[in-house]
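Let me begin by presenting the structure, written as structure tokens, before commenting on it.
FYI, it's all coordinate maths here, none of it is from the lab. Keep in mind the model is a prediction, meaning the values are calculated, not measured. In this analysis, Cβ positions are derived from the backbone assuming ideal geometry, glycine residues included, and neighbour counts consider all displayed protein chains.
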Amino acid sequence: MTDLIHAILNRSSEPRLDAPAPDGEVLDRIFQCAARAPDHALLRPWRYLVVEGEGLERLGGLFAQTGESEAERDKLRKMPLRAPMIIVGITSVKPHPKVPEIEQSMSTAVGMGYMLLALESAGFGGMWRTGPMAYHPSVEAGLGLAEHESIAGFLYVGTVKNPKPDLPRLETSHFVSAWPPVDC
Ligand SMILES: Cc1cc2nc3c(=O)[nH]c(=O)nc-3n(C[C@H](O)[C@H](O)[C@H](O)COP(=O)(O)O)c2cc1C
């Protein structure tokens with residue numbers, strides 16, 4: 001098995017992430033991996049925001065504005081503090097006659113996946129989260145998204161402290177089949 005396949009088979013998400021987060025050249029290479037996502041017509045329909053330190057508190061403030069009760073606002077405010085860094089993946093749709101928006105969103109999604117793998121291979125951990133905060137107009141506005149942009153997800157990034165869980169292995173035949181089916 002190649003190192004790459006081993007890394008893919010052993011990647012897992014980590015909800016509890018501590019400092020440090022990657023920086024400098026390591027972080028740059030992680031973004032270079034995102035930029036290798038397949039990209040129909042090379043539209044580069046994505047951009048990323050790096051949120052750290054006080055930025056995480058400001059992001060918590062944006063989340064809290066959407067809450068309806070003090071308890072809910074308090075919960076939302078704390079959400080971004082679950083990791084020392086959040087990378088916000090943004091799809092920035094470029095109008096194109098042959099590349100529909102869905103393909104552009106998929107390109108961002110692949111970039112997010114590549115970053116998760118790159119993070120793990122660089123000794124860090126991550127978790128891709130969305131939830132209502134990824135789709136709330138006031139969060140989008142607060143993060144400076146334009147009309148043609150949307151949030152693909154919040155990648156929580158940091159250092160994994162807990163031992164890796166046993167990973168589930170799905171039976172390949174449960175999700176792969178030949179077409180046409182043999183009895184047709
Ligand atoms: C687009 C997208 C959004 C997600 N949003 C959330 C989320 O908001 N909260 C959550 O607990 N998991 C979310 N997940 C799932 C986790 O990132 C993770 O994949 C899942 O917990 C399974 O863990 P694993 O990656 O180790 O297999 C999301 C995954 C994707 C692809």
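Here are a few things to note about the model shown:
- Derived scalar couplings between HN and Hα for the stretch 108-122 equal 4, 4, 5, x, 4, x, 4, 5, 4, 5, 5, 4, 5, 5, 8 Hz in order, rounded to whole Hz, by the Karplus curve 6.51 cos²θ - 1.76 cosθ + 1.60 (θ = phi - 60°), x for Gly and Pro.
- FRET efficiency, 1/(1 + (r/R0)^6) with R0 35 Å, evaluated for Ile102 and Glu171 via beta carbons: 0.75
- Near Gln104, once Lys and Arg are set to +1 and Asp and Glu to -1 for all other residues with Cβ below 9 Å from its Cβ, the sum equals -2.
- Computed from Cα positions, the angle between helix 54-64 and the longest principal axis of the chain comes to roughly 90 degrees.
- Length gained on full extension, Ala146 to Val50: 32.8 nm, using 0.36 nm per residue less the C-alpha separation.
- A cut-off of 5 Å between modelled amide H atoms, ignoring neighbours fewer than 5 places along the same chain, links Gly153 with Gly89.
- Cβ-derived FRET efficiency at R0 41 Å, Gln65 paired with Asp183, nearest 0.05: 0.15
- The gain in end-to-end length when the Ser138 to Lys164 segment is fully stretched comes to 5.8 nm, 0.36 nm per residue minus the alpha carbon separation.
- For the stretch 151-184, the list of chymotrypsin sites (Phe, Trp or Tyr not before Pro) that fall in a loop by DSSP and count at most 16 other C-beta atoms within 10 angstrom reads Phe175.
- About its Cα centre, the chain has a charge dipole of approximately 140 debye under the convention of +1 per Lys or Arg Cβ and -1 per Asp or Glu Cβ, with nothing else charged.
- For peptides 121-130, 11-20, sequence by mean Cβ density within 10 Å, most packed first: 121-130, 11-20
- Calculated from backbone phi, Karplus (6.51, -1.76, 1.60) coupling profile of the stretch 71-81 in Hz, x at Gly/Pro: 4, 5, 4, 5, 5, 5, 4, 7, 3, x, 7
- 3J(HN,Hα) along the stretch 5-17: 5, 4, 5, 5, 5, 9, 5, 8, 7, 10, x, 10, 10 Hz, from the Karplus curve 6.51 cos²θ - 1.76 cosθ + 1.60 with θ = phi - 60°, whole Hz, x for Gly and Pro.
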